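Shown next, in C-alpha cells, is the structure this report addresses.
None of the figures in this text is laboratory data; all of them are computed from the coordinates on show. All of these numbers come straight from a predicted model, not from anything done at the bench. Cβ placement follows ideal geometry from the backbone for every residue including glycine, while neighbour counts extend to all protein chains displayed.
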Amino acid sequence: MNKTLFTSKIIFIVIFLTFFSSCIGGRKDTLDKKTLFSISIGKTENDLDYFREEGIPFQQKINLYMKEGLFYISNGKAGKIMKFNSYGDILFLLYNEKKNPTPILLSTTVNEDDRISNRVAYAYPFVDIGEIAVVENKILLIDDAVEEERQEYDEEIEAMLCRIVLRFDTRGKLVDYIGQEGLGGTPFPYIEKLQVTTGGEIVVMTRTMKSWLIFWYSRNGKLLYRVNILYNALPVPEGVSAIPSLETIHADRVQRKLYLKLDYYTNTSGERADPELNAEYSMSGVYVLDLKDGNYKDFIQIPRNIKKASNLQFLETETREYLYEFLGVTSGGYLFFLSPEESNREQLLILNRQGKVVQRTYILPSDRELVYSDFYLNPSGVLSALLCDENRVEVAWWRTDKIIESVVDENS
C-alpha cells in the first residue's frame with residue numbers, strides 16, 4: 001500500500017474518532033435522576049399553586065427542604081407549607097384559611113386522647129411565606145412577613161424591617177418567633193436563606209441594598225453572632241486586581257463558619273465600577289469566614305467551565321464559558337456547584353475543602369422547559385430538586401451522597 005495514502009487514512013481516522021467522541025462525550029457521565037413523585041398544579045391541599053405571566057420573570061416564593069426522607073414544600077402564593085413522604089403522600093399541612101379550601105385528605109381535629117392523627121392540617125394566618133427549614137427536633141422554621149403596622153424602616157441599614165422566623169412544633173402549634181435579637185426580637189430585613197447546622201443552630205441570612213446581614217443563633221434562639229458583609233468590602237485574593245461580586249453565602253454544617261462564593265471581574269474602564277459595566281469575567285472562588293475571630297481564612301478557587309460552542313462547523317474553535325452556582329456544603333466539607341449548560345444539562349462540580357476536584361459530572365433535571373426549579377443539598381450530600389413546568393411539578397433526587405461515600409472509602 002502507498003505509504004502516503006496509509007498515513008492519510010490513519011490521520012483521518014484519528015480526527016474522525018476525536019470528533020465523534022467529542023460529540024458523545026460526557027453523556028455517559030450523566031447521573032441518574034430518580035423522580036420520587038409528582039404534584040399537580042391547583043388549589044387542594046396536596047397541590048402547588050403558581051402561575052407564570054408571559055415575559056415576566058418568575059418571582060413567586062416556592063421552597064424545598066428535605067430531612068430524613070421527608071420533603072417540606074412552601075408555597076408562598078397559597079400561603080401554605082406541605083410535608084410529603086418519598087411516595088408523594090401528604091402528611092402534614094400548615095395553611096392560611098383565607099387562601100385555601102378546607103382540607104379533604106387531612107384531618108383538622110385532635111383525637112380525644114390528645115394524640116394527633118398521622119395526617120393532619122392546621123390553620124394559621126400567614127402573611128407572606130418565604131424560606132423554610134427544619135431543626136433536629138422537627139421544629140419547623142418559617143420565614144413570614146409581619147403585618148404592615150409592625151413594619152418599620154431602619155435608616156442605618158437602609159432597609160424595611162418586615163420579616164420574622166416563626167417556630168412551629170410537630171402538632172402545628174406556634175411555639176414562638178425569632179427576630180434580630182433572638183426570641184421575640186425586632187423584625188429582620190428581607191430574608192434570603194434559612195439554614196440549620198447539624199447541631200441544630202439556626203442561621204438567618206438577610207440582604208439589604210448595602211450588605212448581607214447574617215444572624216447565627218443557638219438551637220434555643222439565643223443570638224450568638226451578627227455579621228455584616230458589605231458589598232464594598234468583599235475580600236480579594238492577594239496579588240489579584242479585580243472587582244468582586246458576591247453570588248451567595250452558605251453556612252458550614254458543623255463549624256461556625258460562612259462560605260462566600262465570589263465572582264471576580266477585571267474592570268476594562270480603569271475605574272472601580274459595577275461588575276456588569278465595562279468588566280470582563282476573570283475567576284471565581286469561595287472564601288471561608290471564621291466567625292470566632294471574624295477573619296477570612298481559606299480561599300478555594302473554582303475551576304472554569306469552558307466549552308466548545310454548539311452548532312459550529314467542523315474544526316471551528318469558538319468557546320463559551322458557564323459560571324457555577326454554589327449549592328452549599330455537606331457536613332463532611334464537600335462543596336457542590338451547578339453550571340447550567342446547553343440542552344437542559346447542568347454540570348455538577350464537587351470540590352473538597354482544599355479545592356481538589358472530587359467529581360465533575362452532569363445532571364439532566366428535565367427534558368421539558370422549566371418555569372422554576374429549587375435545589376436542596378442535605379448534610380450527607382443528597383441533591384434533591386423541585387422542578388416546575390407549565391403543567392406539573394416533580395420532586396426528584398440524585399444520590400450524590402454515594403460519590404462522597406466512595407471518596408471517603410478510598411481515603412480510609
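Descriptive notes on the structure:
- Cβ crowding within 10 Å ranks 330, 109 as 109, 330, fewest other Cβ atoms first.
- Computed over neighbours whose Cβ is under 11 Å from that of residue 130, the net charge equals -2, Lys and Arg +1, Asp and Glu -1.
- The phi-based Karplus calculation (6.51 cos²θ - 1.76 cosθ + 1.60; θ = phi - 60°) puts the 3J(HN,Hα) values of region 143-153 at 7, 9, 7, 8, 4, 4, 5, 8, 7, 8, 9 Hz, whole numbers, x for Gly and Pro.
- Count Lys and Arg as plus one, Asp and Glu as minus one, and take only other residues whose Cβ is under 14 Å from that of residue 142; the net charge is then +2.
- Packing-based exposure ordering (other Cβ within 10 Å, fewest first) of 211, 366: 366, 211
- Here region 318-412 is treated with +1 on each Lys and Arg Cβ and -1 on each Asp and Glu Cβ, and its dipole about the Cα centre works out to around 380 debye.
- Ranking of 398, 216 by count of other Cβ atoms within 10 Å, fewest first: 216, 398
- Between region 317-369 and region 138-196, the alpha-carbon center distance in angstrom: 32
- Cα gyration tensor category, rounded, prolate or oblate, for region 318-412 with a/c compared to 1.5: oblate
- Partners for residue 222 among aspartates and glutamates (Cα-Cα distance below 12 Å; same-chain residues under 8 apart left out): 181, 201
- Among the listed pairs 261/402; 257/356; 138/193, those with a Cα-Cα distance over 22 Å are 261/402.
- Relative contact order [Cα under 8 Å, 6+ residues apart], region 319-365, whole percent: 27
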